[in-house]
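The values are calculated or read from the model by the stated rules, or taken from the named source; none is laboratory data. This is a predicted model, so every value here is computed, not measured. Using ideal geometry, Cβ is built from the backbone for each residue, glycine included, and neighbour counts are taken over all protein chains shown. Quick note on the areas: whole protein, heavy atoms, side chains included, nothing else; ligands and nucleic acids left out. Shrake-Rupley method; radii C 1.70, N 1.55, O 1.52, S 1.80 Å.
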Amino acid sequence: MNDSSKEIVTYDDINDIALDIRTTRILIGLGVPTSCKGYEYIRRSIILTYHTPEITCYITKTLYPQVARVCRASNAANVERNCRHAIESACRSSHTAELREYFGYDVTVHRPTCAQFISTIAKHLHET
Amino acid sequence: MSAYNDIPTEFTEYSGEELTRQVKLLISELGVPRRLKGFSYLCRAIELVYMEPSAIQNVIVGLYRQIAVENNTTVSCIERNCRTAIKLLWQRCDTLKLAAYFSCNEHSNAPSVREFVALLADKLRRNLINVSTNSILGGDKT
């Protein structure tokens, strides 16, 4: 984690295409609206977290700036706000059964935070 | 979660005529009536967002204006026609399956134009849709 704030992850492998498609399927199935900017940021964050799971410990220092650089956002605060809005829209949609299956609790009562959301889905991608 | 077990190992990139054909097939399979002007406007919008994914952020200034210039109409005309097309789709088809597809509530209104176009362009880009075998909604959609 010494120099990870200066890395840019590039997608050249065949494995990354499969990971991209799996993440897209999960996110659309959970009800995240595709037109949100947060959709793109969350997808990129999940792929980055899949490769280095401990990046969620340094989420504001490392993950959000890297996503902002790759996805051409303004700054880390914008990324976080858009991710939060996308998760809010997903929790308000009608896909409560899938959300409950991933998170194990009723998301309309207690909304998961961005870091929880990203790391839960990345962990699920690891296991399946 | 879903019944998909096959992950495509390579992307099929569509362009030009093939892209138009695929998008038209996709929208008509979903159930948008073909006779509407909004059908062709939506098709053009999905093509544009497919080729340039960041175009969905500027809907009125970018997308609608370009389609309006191509069709020699105004921006509000395009917007109204696209909205009518989606509304008719919502009225005709099984709203339960469509709502699950578009991440809406089945009792709420139709998805907005932006969400419709973004979702279909994204799915087409990542080959999550097989238009030829009519497996969009996972079965018959009568």
In Å², and per residue, what accessible area does the stretch A:4-127 have when probed at 1.4 Å with the other protein chains present? 48 Å²
Once you compute Rg and the Kirkwood Rh from C-alpha atoms, what is the Rg to Rh ratio for chain A? 0.94
Past 21 Å, Cα to Cα, is the threshold; run B:37/B:123; B:97/B:123; B:37/B:87; A:37/A:123 against it and keep the listed order. B:37/B:123; A:37/A:123
Accessible surface buried once A binds B (1.4 Å probe; total of both sides; Å²): 2000 Å²
Residue by residue through the stretch B:70-75, which ³J(HN,Hα) values in whole Hz follow from phi under the Karplus form 6.51 cos²θ - 1.76 cosθ + 1.60 (θ = phi - 60°), with glycine and proline marked x? 5, 9, 6, 10, 9, 5
What does the accessible area per residue of the stretch B:17-131 come to in Å², with a 1.4 Å probe and no ligands, DNA or RNA counted? 47 Å²
Applying 1/(1 + (r/R0)^6) with R0 = 41 Å to the Cβ-Cβ distance of residue A:125 and residue B:29, what FRET efficiency is obtained, to the nearest 0.05? 0.85
Report D for the stretch B:17-131 in µm² per second (integer): Stokes-Einstein, Kirkwood Rh on Cα pairs, 25 °C, 0.890 mPa s. 173 µm²/s
Residues hit by the 10 Å² burial cutoff in the stretch A:22-53, accessible area with a 1.4 Å probe, assembly against chain on its own, are A:22, A:24, A:25, A:28, A:31, A:33, A:34, A:35, A:37, A:43
Pairs of alpha-carbon atoms within less than 8 angstrom and 6+ residues apart define the contacts here; what relative contact order does the stretch A:4-127 have, in percent? 31 percent
Sulfur and carbon atoms: percent of accessible area, the stretch A:4-127 [1.4 Å]: 49 percent
Counting other Cβ atoms within 10 Å, which trypsin sites (Lys or Arg not before Pro) in the stretch B:22-54 have at most 14 and lie in a DSSP loop? B:34, B:35
I'd like the carbon and sulfur percentage of the solvent accessible area for the stretch B:25-117, probe radius 1.4 Å, heavy atoms only, ligands and nucleic acids excluded. 50 percent
Whole-Hz Karplus couplings 3J(HN,Hα) for the stretch A:50-57, θ = phi - 60° and coefficients 6.51, -1.76, 1.60, Gly and Pro as x, run 4, 7, 10, x, 7, 6, 6, 6
Which ³J(HN,Hα) values in Hz, rounded to whole numbers, follow from the phi angles of the stretch A:112-117 under the Karplus curve 6.51 cos²θ - 1.76 cosθ + 1.60, where θ = phi - 60° and Gly and Pro get x? x, 7, 4, 5, 5, 4
